[in-house]
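What follows is one structure encoded as structure tokens, with my remarks underneath.
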Amino acid sequence: MPIVRFSKFRHVFGTAAKPEDQYSDIKVTRTSWDSNFCSVNPKFVAIVVEGAGGGPFLVLPLEKTGRVGTNSSNFHVDGHTSPVLDLAWSPFNDNVIASASEDCTVKIWAIPNEGLSEPLREEAVKLVQHEKRALLVSWHPTAEHILASAGADNMIFLWKVDSAEVLVSIDCHSDLPLSLSWNLNGSQFATTCKDKTLRVINPRNGKVIAEKEKAHEGNKSSKCIFLKTGKVFTLGFSKRCDRQYALWDPKSMDKALTHEEIDQAAGVLFPFYDAESDIIYVAGKGDTSIRYFEVNDDEPYVHYLNMYQSQNSQRGLGFMPKRGCDSNKNEIARFFKLSSNKCEPVSFTVPRKAETFQKDLYPPCISSTPALSAEEWFSGKDKNPIMMQMTSESGDGSTDRDFVKSNTRISTILSSSANTSRPISQVSTNGNGVLAAALPEGLNIEELLEDIKKLKATVRKQGRRIAKLEAQLEEKAA
């Protein structure tokens, strides 16, 4: 494996937290889906846990370390009817988290500033569109309230979450989407799929910009992550089940810029990208180690740095945003490592003799301020993330805003701006487009709305099938 001869990150080392600074006596989920089951921000850590009769996950303030034990249910978010498969904190509001579940729903939760004191069962927003398990959730990196969700129905939906509105339905995958990663300004995202194809997709129209079939030839799960340079880093398996990484340029996907084998272990590998330092951390499910690589423009582009090793195998990992790292300790990354019954913070630091702020280690990092509104982004605007300084005086950039639902739907704005001859309905509605006066007594409006959404999804799916069949007939006729 190639070695960088000089790097300021050559001597980065990882240190596990002391037992009193860990989160212990937690029943971490045993779900077989390949996910990290943990998400973290500068205020809270969220962990998917075992639970009877549903899919709970645990939300704890970072400072609430120690034994969780029998009181853990007081810190549960327990609104799903089936196990939770993925979690993602909003990059612009540290109190808002999205969850994807086997019950086919994606839910948005608002966590109080002081944390939970009793189980939270009422979501802020419920997003119903997937016909099968919801597998992945990923927030847009620069536009507020934009969320992508992927499901076992092979669909990816882009949501405006504050109005629970589907902006785009993407159906280019022929099998399960396995990972989804946005580029720096959110104008594209990359996906890996069970069909072994790496795709780069335009999120506004769902068109595939670039793709590579058999990016990794093995049958096991592959993952990808978009780098700030516009390249895509992937992890997967060879035909012989060797674990490997590759780097791709979406402008020319015929051949990888670099393609290297890592080892012959069986666990699925997950990538974590530190955009400010250009370091990629690679951790395998069931492994006891975390490898880290530096990425630059010098061949072979991906350079092995070092490896952190511990005694306990990991079930999943949460990765702290850079604004949550401690610059006073020269900390450049922090992981929250899950084992069967605890969550163990692991801090990666650069040893320096000087105790002053190290400017070369901390360039401006991505802040918690959105660069665009959902409406601006969907209209075609792209902006890079708003940056912040990492000095100790600037704090961690945590946000305490309340999540507010919106009745402003982008589809309504677009339709009202167009000149149409459509007659305006004179029947009053309750704000959700459902007739307010004509509903019989005892009818649950929420259930009715869900049924309507499911029927619309079925109609769209059948419409796509009809279009494909018609295209095949035209080809045969020609």
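Which distance in nm do the two modelled labels at ASP263 and MET307 give, with both placed 7 Å along the Cα-to-Cβ direction?
0.4 nm
Any idea how far the Cα center of segment 22-46 sits from the one of segment 142-168, in Å?
23 Å
As a footprinting exposure proxy, order GLU276, GLU217 by other Cβ within 10 Å, with the fewest listed first.
In order of increasing Cβ crowding within 10 Å: GLU217, GLU276.
Under 18 Å between alpha carbons, and skipping anything fewer than 8 positions from LYS476 in its own chain: which lysines qualify?
By straight Cα distance, LYS476 reaches LYS468.
Using Cβ counts within 10 Å as a stand-in for footprinting exposure, how do THR408, THR65 rank, fewest first? Let's see the in-between values first.
Numbers: THR408 12, THR65 19.
Ordered from fewest to most neighbouring Cβ atoms within 10 Å, THR408, THR65 come out as THR408, THR65.
Anything over 31 Å Cα to Cα? Flag those among LYS212/LYS461; LYS228/LYS453; LYS107/LYS255; LYS126/LYS383, in the order listed.
The answer is LYS228/LYS453; LYS107/LYS255.
For segment 345-385, list log₁₀ I(q)/I(0) at each q in 0.20, 0.28, 0.35 Å⁻¹, using the Debye formula over Cα point scatterers of equal strength and ignoring solvent, two decimals each.
-0.76, -1.04, -1.18
Over the Cα atoms of segment 182-267, what radius of gyration and what Dmax do you get, in Å?
12.6, 39
Per residue of segment 366-383, in order, report the coupling 6.51 cos²θ - 1.76 cosθ + 1.60 (Karplus, θ = phi - 60°) as ³J(HN,Hα) in whole Hz, putting x for Gly and Pro.
Residue by residue, segment 366-383 yields 5, 8, 9, 9, x, 8, 9, 7, 4, 5, 5, 5, 5, 6, x, 7, 10, 9 Hz.
Provide the gained length on full extension for the span ASP21 to THR229, in nm with one decimal, where the gain is 0.36 nm per separating residue minus the Cα-Cα distance.
Details: separation 208, 0.36 × 208 = 74.88 nm, distance 3.64 nm.
Taking 0.36 nm per residue and subtracting the Cα distance, the gain is 71.2 nm.
Placing unit charges on C-beta atoms (Lys and Arg positive, Asp and Glu negative, everything else neutral), compute the dipole magnitude of the chain about its Cα centre in debye, rounded to 20. If you can, show how the numbers build up before the last one.
Details: 58 positive and 60 negative charges, 174 e Å.
Using only the charged Cβ atoms, the result is roughly 840 debye.
Round to the nearest 10 and give me the degree value, 0 to 90, for the angle of helix 445-477's Cα axis relative to the longest principal axis of the chain.
Taking the Cα atoms of the chain, the angle to 445-477 is about 90 degrees.
Can you run the Rg to Rh ratio on segment 201-318? Use alpha carbon positions and the Kirkwood inverse-distance Rh. Provide the component values of the computation, followed by the final result.
Working: Rg = 14.4 Å, Rh = 15.0 Å.
Rg/Rh for segment 201-318 comes to 0.96.
To make sure I understand, if each residue's beta carbon is the centre and we count other beta carbons within 10 Å, what order do MET253, MET320 fall in, fewest to most? Before the final figure, lay out each step's value.
Working: MET253 18, MET320 22.
Going from least to most buried by this count: MET253, MET320.
Of all beta bridges DSSP finds with both residues in the chain, what is the antiparallel percent, to the nearest 5? Kindly include the intermediate steps, with their values, before the conclusion.
On the way: 107 of 112 bridges.
The antiparallel fraction comes to roughly 95 percent.
Put +1 on the Cβ of each Lys and Arg and -1 on the Cβ of each Asp and Glu in segment 128-248; which of ALA246, SER179, ILE209 then has its Cα farthest toward the positive end of the dipole?
With unit charges placed on the Cβ atoms, the residue in question is ALA246.
Here, each number is a calculation from the coordinates, and none is a lab measurement. Only a predicted model underlies this, so the values are computations on that prediction, with no experimental measurement involved. Positions of Cβ are backbone-derived with ideal geometry, glycine not excepted, and every protein chain shown enters the neighbour counts.
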